[in-house]
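**Q** Below you will find the structure I want to go over with you.
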Amino acid sequence: MKIMLSAGEASGDVHGENIARAILSMAPETELIGFGGTRMENAGVRLRQNFADYSVMGVWEVLVNIRRLFKLLNDLTDFMREEQPDILVLIDYPDFNWRLAKKAKALGIPVFSYIPPSAWAWRKGRAKDCAKIADEFIAIFPHELPVYEAAGAKISFVGNPLVDAVRSEMPREKARRFFKMPADKTVVLLLPGSRRQEIELLLPSMLAGAKKLLADRPDTVFYLPVADTVSRERIEELIEAAGVSVTLTTEKRYSLMAAADAAMATSGTVVMEAALLGLPCVVLYRLSPLSYAIGKLLVHVDNFSLPNILLNESFQRELLQDEVTPENIASELKKLYPGETHRQEVTAKLKLACQKLGVPGASGRVAERILNAAREFAAK
């Protein structure tokens, strides 16, 4: 049996890795191919292309890179035609993956959608369009189901894989020693994201916020885990320009997060990871002006960070676009320092949000569904 996986960014690479390992543990004879990152490749997926050179965000940025993305789409279509996989598994990355799904459908290849487009938040009509293309869907959040069920899709929620994946590699005190965190300091993480564009749009503001925070609270130290999809040299340039001391790390990211006291984080999967590790955040989100203007017309949600969405309340502070200022970042972070009442309220809510993610073992259940679907279609 041959299964093709397609993931176009770092978070999808993590999900793809977990699925790949689970599939191969259940059916070692399975051949895994596709589009993804180094984690998927290390898990046994033979990659046609690595997404590191193609990951972009925002409407304007996609338009600028449209020729390269269409060239990638054509190459992966040729790959499917050559390899004839028994099923194509889409892992998030909707704008690109659903174009690939249409190509697969035209080639007679069944489509399995894992982490479908967020039709609950915007463009609800996408659910009907997607239901016509994909044969089965699995969502990673329970609030995603109703809009797809209404569209007639075969969709289910079997838990969130982050429950399994997010584990500190060592106890908190050992981690603080490992990262040489001073016992008398408050440790604040900078989590700017895994895309180059996120680094450019948000890290300078984070660093300015860190500098202001340090002026008010000199008992603070800063750490930044560097994703393997971004340039460490560029991050170092921005840190030097900001004139603030930040310790860069590249290993044991979950231990770092579990050992820290608070974080400023770009909205995305990392905010949910932080929640699972009990790390409260000030959540930041910024797009280019054009992408934001278009987004305002299309997206209608009260919250944009996952913990807040899961509980349907704004208990963890979100700063959007022009609200992302050094003053706001510093002011909100001080409320999350150890001993602060607001910190206790936020961490209690984070625990409730994490309970919405279901029980452990999600990746194995997803892998089982994929294998069953592939066998079912292969038998037809």
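Read the figures in this text as sums done on the coordinates, not as results from a lab. Since the structure is predicted, the reported quantities are computational estimates derived from the model, not experimental observations. So basically every Cβ, Gly included, is an ideal-geometry build from the backbone, and we count neighbours across all protein chains shown.
**Q** Pick the calculated percent of Cα pairs over 37 Å apart for this structure from [x] 20; [y] 70; [z] 32?
**A** Structure-derived value, by its label: [x].
**Q** Read phi for every residue in the range 356-373 and hand back ³J(HN,Hα) as whole Hz from Karplus 6.51 cos²θ - 1.76 cosθ + 1.60, θ = phi - 60°, with x for Gly and Pro.
**A** Result, ordered by residue: 6, 7, x, 8, x, x, 4, 4, x, 5, 5, 4, 5, 5, 5, 4, 4, 5 Hz.
**Q** Can you run phi through the Karplus equation (6.51, -1.76, 1.60; θ = phi - 60°) for the range 39-47 and list ³J(HN,Hα) in whole Hz, with x for Gly and Pro?
**A** 5, 5, 4, 5, 7, x, 8, 7, 8
**Q** Moving on. What do you get for the angle between helix 232-242 and the principal long axis of the chain? Use alpha-carbon atoms, 0 to 90 degrees, nearest ten.
**A** With both axes taken from Cα atoms, the answer is about 30 degrees.
**Q** Past 20 Å, Cα to Cα: identify those pairs from Lys124/Lys154; Lys71/Lys128; Lys180/Lys252, in the order given. Present the calculation step by step, with values, prior to reporting the outcome.
**A** Working: Lys124/Lys154 16 Å; Lys71/Lys128 27 Å; Lys180/Lys252 13 Å.
Among Lys124/Lys154; Lys71/Lys128; Lys180/Lys252, the Cα-Cα distance tops 20 Å for Lys71/Lys128.
**Q** If you don't mind, there's one more thing I want to ask. Compute the relative contact order of the range 225-380 as a whole-number percentage, counting only Cα pairs closer than 8 Å that sit 6 or more residues apart in sequence. Write down the numbers at each step before the final one.
**A** Details: 150 pairs, mean separation 32.8, N = 156.
Taking the mean separation of contacting Cα pairs over the length of the range 225-380, I get 21 percent.
**Q** Now for a different question. Rank-order 106-118, 207-219, 230-242 by packing density, defined as the average count of other C-beta atoms within 10 Å over each peptide's residues, highest first. Don't jump to the answer; show the numbers that get you there.
**A** Details: 106-118: 20.8, 207-219: 17.8, 230-242: 14.3.
For the peptides 106-118, 207-219, 230-242, the packing ranking is 106-118, 207-219, 230-242.
**Q** Here's something else I'd like to know. Hey, can you rank 10-16, 321-327, 125-131 by average C-beta count inside 10 Å, highest first? Spell out each step's value before the answer.
**A** Working: 10-16: 25.1, 321-327: 14.3, 125-131: 18.0.
Ranked by mean Cβ neighbours within 10 Å, highest first: 10-16, 125-131, 321-327.
**Q** How high is the relative contact order of the chain? Use alpha-carbon pairs under 8 Å, at least six apart in sequence, and give a whole percent. Walk me through the numbers on the way to the answer.
**A** Details: 684 pairs, mean separation 65.3, N = 380.
That works out to 17 percent.
**Q** Helix-only estimate, please: 222 nm mean residue ellipticity of the chain, summing -39500 (n - 2.57) across DSSP H runs of length 4 or more and dividing by its residues, to the nearest 500. Can you show the working numbers first?
**A** Values: 18 runs with 189 residues, N = 380.
Helices in the chain give a 222 nm mean residue ellipticity of -15000 deg cm²/dmol.
**Q** To make sure I understand, if each residue's beta carbon is the centre and we count other beta carbons within 10 Å, what order do Thr266, Thr220, Thr341, Thr77 fall in, fewest to most? Before the final figure, lay out the partial values.
**A** Details: Thr266 26, Thr220 20, Thr341 8, Thr77 17.
Ascending number of Cβ neighbours within 10 Å: Thr341, Thr77, Thr220, Thr266.
**Q** Enter the angle in degrees (range 0 to 90, nearest 10) between the Cα long axis of helix 10-26 and the first principal axis of the Cα atoms of the chain, meaning the one along which they spread out most.
**A** 50 degrees
**Q** Under a crude label model (7 Å from the Cα following the beta-carbon direction), how far is Leu248 from Lys356 in nanometres?
**A** Simple spin-label model gives 3.6 nm for this pair.
**Q** Through the Karplus equation 6.51 cos²θ - 1.76 cosθ + 1.60, θ set to phi - 60°, convert the phi angles of the range 247-252 into ³J(HN,Hα) values in whole Hz; use x for Gly and Pro.
**A** Karplus-based 3J(HN,Hα) across the range 247-252 equals 8, 8, 10, 9, 9, 6 Hz.
**Q** If you don't mind, there's one more thing I want to ask. Using a Cα-Cα cut-off of under 20 Å, which lysines could be cross-linked to Lys349, ignoring same-chain neighbours fewer than 8 residues away?
**A** Lys334, Lys335
**Q** Non-local amide H neighbours of Leu319 (under 5 Å, H modeled in plane, Pro and chain starts lacking H): which ones?
**A** It is Val283, Leu284, Tyr285, by chain and number.
**Q** How high is the FRET efficiency from Arg234 to Arg375, r the C-beta distance, R0 41 Å, rounded to 0.05? Numbers along the way, then the final one.
**A** Working: r = 46 Å, r/R0 = 1.12.
With R0 = 41 Å, the Cβ-Cβ based efficiency is 0.35.
**Q** While we're here: Where does helix 94-106 land angle-wise versus the long Cα axis of the chain, in degrees 0 to 90, nearest 10?
**A** Once rounded, one gets 10 degrees.
**Q** How would you rank Val147, Val283, going from fewest to most other Cβ atoms within 10 Å of each one's own Cβ? Before the final figure, lay out each step's value.
**A** Details: Val147 21, Val283 27.
Ranked by crowding around the Cβ, least crowded first: Val147, Val283.
**Q** Evaluate the Debye formula for the range 86-230 with equal point scatterers sitting on the alpha carbons, no solvent, and hand back log10 of I(q)/I(0) at q = 0.11, 0.12, 0.21, 0.22 Å⁻¹, in q order, two decimals.
**A** -0.66, -0.73, -1.20, -1.27
**Q** Multiplying the sequence separation of Asn42 and Met26 by 0.36 nm and subtracting their Cα-Cα distance, what value in nm do you get? Don't jump to the answer; show the numbers that get you there.
**A** Numbers: separation 16, 0.36 × 16 = 5.76 nm, distance 1.75 nm.
Computed gain between Asn42 and Met26 is 4.0 nm.
**Q** Continuing with this model, one more query. Any idea what log10 I(q)/I(0) is at q = 0.19 Å⁻¹ for the range 205-291, Debye with uniform C-alpha scatterers and no solvent?
**A** -1.01
**Q** Something else now. When only C-alpha pairs under 8 Å and at least 6 residues apart count, what is the relative contact order of the range 94-250, in percent? Working shown, then result.
**A** Numbers: 180 pairs, mean separation 23.0, N = 157.
For the range 94-250, the relative contact order is 15 percent.
**Q** Between Glu313 and His342, what is the label-to-label distance in nm when each label sits 7 Å out along the Cα-to-Cβ direction?
**A** Reported label-point gap for Glu313 and His342 is 1.7 nm.
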